[in-house]
Amino acid sequence: MNYKKMLKKINDLSFYMKSLTDEELRSQTNVLKREIKQKKSSQQVIIKSFSVVREANRRVLRMYPTDEQILGALVLYDGKIAEIKTGEGKSLISTMPLYLKSLIMGHAFLVTTNDYLAKRDYVRIGKVFEWLGLSVADGTNNFNSGEEFEANKKKKIYSADIIYISCGTLGFDFLINGLAERQENHFISSLDFALLDEVDEILLDNAQQPLIISGAPKVQSNYFHIANTFILLLKMDIDYEFNNSENQVWLTEKGIEKLKNYFSHSNLLDKNYFSLYQHIILALKAHHTLKKNKDYVVENGQVKLLDSKDGRILDGTNLQSGLHQAIEAKEGVECSQENQIISSITLQNLFRTFRQLSGMSGTVKVAEEELIQTYNLAVKRIKTHKKSNRVDHAPQKYITTQYKLNAAIKKIQEIHEMERPLLIIAGSVETSELLSLMLHNLAIPHNLLNAKSSVKESEIIKNAGNLKSVTVSTSMAGRGTDIKLTKESIQKGGLAVVITERLANQRVELQAKGRAGRQGEPGDTFVFESLEDEIIRRYISEKVQTYYDKNKSSEMIIKKRLIKRCFKKAQILSEEQAFRQRVKTVQYDEILKIQKKKVDADRQKILEIENVYEAIEIIKSNIPVALKSYLFDQEQQSDAKFRRFILDYIDYNFKLTKFSRELNSTNKKIEFVQAYFETQINKKREFINDNVAFLKYLKICMLKAIDSSWSKQIDALNQIRFVVQHRAVAQKDPILEFEKEAKNLYDLHRKELSGLLLANVSLSLLSINKKKLTVTFP
Ligand code: ADP
């Protein structure tokens, strides 16, 4: 698409739109719908619809989109990512692509990072769509607590043309929707187009975060404390190795020897003992990769995770696959109960289910390579409406944290005396508290952003542009909210951003700097960093380490080029590592996604079954697989095994002691089971005595079987993923290994599922109380 040319044509037509009455302008929606149906050239449709929405924005929201905003809107419509600086009006820009995509594709979603922002934009902007005759929904979770989840309410939201929603709410809705027990409880109609606000935060920073619906408690392992005791006997680099930059740990030959001796068992690496080995690795990981008060805190005898980006306590979020319990063992608190995962999805997989994606953010061009590779999304940079007046001062590099912070505080004092507003960015919660203390000692009043709610955070950030206002914040806090300057603070020189550490990636750094000098206002940014910054420590070279050791009592600013270079280098290394990690997750996710698709298709088939006969046939068709795999697994095909099968899957009370000679072939056995199953199922049918209810019962039995089999599969895949990482040591590609194992496991669970289907139908206990059927599954 030639954006400039399109802009010119939109400008011409916009002029005409101004002359229309409100009625005429609003009727354009129907005209456009017709034109789209008649397959009028897409260019003409874009030009017209953008001009219509532009003019509607002027009339309804009292804001007229600028040329730059139209260019941004075109990029978004084109299914690309637009880099649009803070304060340039992303919410307004999004109205044009959302409007047209909903006309052409169906449901258009505006996805934000939290419910607060989704609601804010819905309230602020949503009315323009209504004015134009489209339906728009507030998709945030504003059900009162205790209120039952209502499919009907959700249905109404998801049937709107345009939906404002947060990625978390959308994700959980998606999971719940996937577990519906009746066709009419499906509430998500279709995921057509999504425009992601702060797209880098969603698709990069939070992409791997799995959303999880958990169910019943798992059988608890008792290895956690033993493993934790054992690893205290091990020596790093001798018994085990730890790769700091990749966060990987594994036992060496020596370590394995120790393990065997300690547990006096020679075959510990045998499949059946793998669980023990796994707990040892978990314990090592808990000790080496997760730090108390940085990654988690211990509060009232509980281990609580901290958000790595802003240090907030993540209530209700636990690490998966036993890592949480391993930390609990390390901290000597009681191990919490691990729950089964019923369903889960990562944000990246969620968004890859949309027919089309696009996104916007102030700082995303630097991540273009990755976005193209993983999501096939190119990034276009949109010029700011007014030229930037921001001055970025060269970073001041020190040797130690102490001297660095002293210098930063001096600068802060200087700026504060000028009455300019200040935003101070800390790399960690600890530093933010230290800075707060230093400001306190200087009697400088300030806000420390460690609020627990995004509402409060956004309020503070919004007011951080007032005269003399000082805000200390971790890098990501309050993202998505614009800092508005007052007239007086503009006159004093605008916002000054002081960054007090080399941040782990350039985007986060640019995001922080971008707070200053928005919409052509004046502003400055200052950076203070030291060789003790966490990211430098992580990637420090020998040369730099020697320099540090020699000079660590010096207050001087680092001048040596060779040493200065290590700051940028560490940032690049950290970005590359995060990139590799995300690519890996995409690859693992892809394998999971393929399997989930099959499961979803099976589920859908069941939901669509129309009569009892069809349902019974489907269930019966599982008998051969179930029986064959059972008999095969049980070595010899004796009568005893066959009887066991019937007892396990068809009838607890099966009595026949001697089978007739005729049951000597597998086929004969299958026929026998089929007939027997039929008598069993007929008993249930008579008991329920209502065709509709009976069909519902059969369907629920089948869905339960599928869901529980999938839950087992997810659990097994999580373990396998863990295992294959250790095969990397043996020169095997972990992803290929994972794929192979995942396939085997899938086949295995598929076979088990056949049996489970039979058991659910025939072994369930039924009772009817006050006309309500209660089913107890085996
Ligand atoms: P961003 O999300 O890009 O940081 P916002 O959408 O929060 O920006 O918009 C920043 C401010 O600019 C808001 O107060 C908005 O109302 C205002 N604004 C955006 N576009 C226009 C426009 N074309 N005319 C007038 N005000 C605008």
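The values are calculated or read from the model by the stated rules, or taken from the named source; none is laboratory data. What you see is a predicted model, and the numbers here were worked out from it, not measured in a lab. A quick note on method: Cβ atoms are made from the backbone with ideal geometry, for glycine too, and the neighbour counts reach across all protein chains shown. Accessible surface is based on the protein model in full, side chains and every heavy atom, while ligands, DNA and RNA are left aside. Shrake-Rupley method; radii C 1.70, N 1.55, O 1.52, S 1.80 Å.
So if each residue of separation counts as 0.36 nm, and I subtract the Cα-Cα distance between residue 302 and residue 773, what length gain in nm does that give? Can you show the working numbers first?
Details: separation 471, 0.36 × 471 = 169.56 nm, distance 4.03 nm.
Stretched fully, the residue 302-residue 773 segment lengthens by 165.5 nm.
Return the Cα extents of region 609-776 along principal axes one, two and three, sorted largest first, each rounded to a whole Å.
Cα extents, longest axis first: 60, 45, 25 Å.
How far apart, in nm, are the 7 Å Cα→Cβ label points at residue 693 and residue 748?
About 4.1 nm separates the two model spin labels.
Can you give the accessible area of residue 64 in Å² (nearest 10), computed on protein heavy atoms with a 1.4 Å probe?
Per-residue accessible area (residue 64): approximately 80 Å².
Restrict the search to region 104-211; then list the GluC sites (Glu not before Pro) that DSSP places in a loop and that have at most 10 other Cβ atoms within 10 Å of their Cβ.
On the way: sites: 130, 147, 148, 150, 181, 184, 198, 201; in loops: 147, 148, 150, 181, 198.
Taking region 104-211 and a limit of 10 other Cβ atoms within 10 Å, the loop GluC sites (Glu not before Pro) found are 147, 148.
Would you mind working out the magnitude of the charge dipole of region 609-776 relative to its Cα centre, with +1 at each Lys and Arg C-beta and -1 at each Asp and Glu C-beta, to the nearest 20 Debye? Can you show the working numbers first?
Values: 27 positive and 21 negative charges, 97 e Å.
Dipole magnitude for region 609-776 comes out near 460 debye.
Given H placed 1.01 Å from N in the peptide plane, which residues other than close sequence neighbours of residue 392 have an amide H under 5 Å from its amide H?
For residue 392, whose amide H was placed from the backbone, the distant partners under 5 Å are 525.
Which one of 670, 716, 742 is farthest out on the positive end of the charge dipole of region 609-776, using unit charges on Cβ (Lys, Arg +1; Asp, Glu -1) and the Cα centre as origin?
670
Which cross-chain or sequence-distant (5 or more) residues have an amide H under 5 Å from the amide H of residue 381, H modelled 1.01 Å from N in plane?
Result for residue 381 returns 83.
What Kirkwood hydrodynamic radius do you get for region 704-778 when you take the inverse of the mean 1/r over all pairs of distinct Cα atoms, in Å?
Details: mean 1/r = 0.0689 Å⁻¹.
It works out to 14.5 Å.
I'd like the distance separating the alpha-carbon centroids of region 65-115 and region 543-566, in whole Å.
Centre-to-centre (Cα) distance: 46 Å.
Which three numbers, in whole Å and largest first, are the semi-axes of the equivalent ellipsoid of region 1-155 derived from its Cα gyration tensor as √(5λ)?
Values: eigenvalues 153, 65, 46 Å².
Values for region 1-155, descending: 28, 18, 15 Å.
From the phi angles alone, apply the Karplus equation (6.51, -1.76, 1.60; θ = phi - 60°) to region 98-104 and give each ³J(HN,Hα) in whole Hz, x where the residue is Gly or Pro.
4, 4, 6, 4, 5, 5, 8
Which residues in region 379-395 have a backbone N closer than 13 Å to a point placed 7 Å from the Cα of residue 418 along the Cα-to-Cβ line?
Only 390-393 pass the distance filter.
In nm, what is the difference between 0.36 nm times the number of residues separating residue 366 and residue 141 and their Cα-Cα distance?
Details: separation 225, 0.36 × 225 = 81.00 nm, distance 3.33 nm.
Separation in residues times 0.36 nm, less the Cα-Cα distance, equals 77.7 nm.
Under 14 Å from the Cβ of residue 439, count the other residues' Cβ atoms, weight Lys and Arg +1, Asp and Glu -1, and hand me the total.
Numbers: positive: 410, 411, 468; negative: 414, 417, 433.
Surrounding charge for residue 439 is 0.
Return one whole number: the accessible area per residue of the chain in Å², for a 1.4 Å probe. Intermediate results must be reported in sequence, preceding the final value.
Values: 37190 Å² over 778 residues.
Per residue, the chain has 48 Å² of solvent-accessible surface.
Placing unit charges on C-beta atoms (Lys and Arg positive, Asp and Glu negative, everything else neutral), compute the dipole magnitude of the chain about its Cα centre in debye, rounded to 20.
Details: 118 positive and 96 negative charges, 338 e Å.
Approximately 1620 debye in magnitude.
Evaluate the distance, in nm, between pseudo-label points positioned 7 Å from the Cα of residue 410 and of residue 604 along their respective Cα→Cβ axes.
Computed distance between label sites residue 410 and residue 604 equals 6.6 nm.
How large is the dipole of region 389-572 about the Cα centre if only Lys and Arg carry +1 and Asp and Glu carry -1, each at its Cβ, rounded to the nearest 20 debye?
Values: 31 positive and 21 negative charges, 138 e Å.
The dipole magnitude comes to about 660 debye.
Based on DSSP H runs of at least 4 residues, each adding -39500 (n - 2.57), what is the mean residue ellipticity at 222 nm of the chain after dividing by all its residues, to the nearest 500 deg cm²/dmol?
One gets -16500 deg cm²/dmol as the mean residue ellipticity at 222 nm.
On average, how much area does the Cα convex hull of the chain cover when viewed from any direction, in nm²? Numbers along the way, then the final one.
Working: hull surface 164.2 nm².
Convex hull of Cα atoms, orientation-averaged projection: 41.0 nm².
With a 1.4 Å probe and every protein chain kept in, tell me what percent of the accessible surface of the chain is carbon plus sulfur. Kindly include the intermediate steps, with their values, before the conclusion.
Working: 18650 of 37190 Å².
About 50 percent, which is the carbon plus sulfur part of the accessible surface.
Could you tell me the accessible area of residue 618 in Å² (1.4 Å probe, neighbours in place), rounded to the nearest ten?
Approximately 60 Å² of residue 618 is accessible to the 1.4 Å probe.
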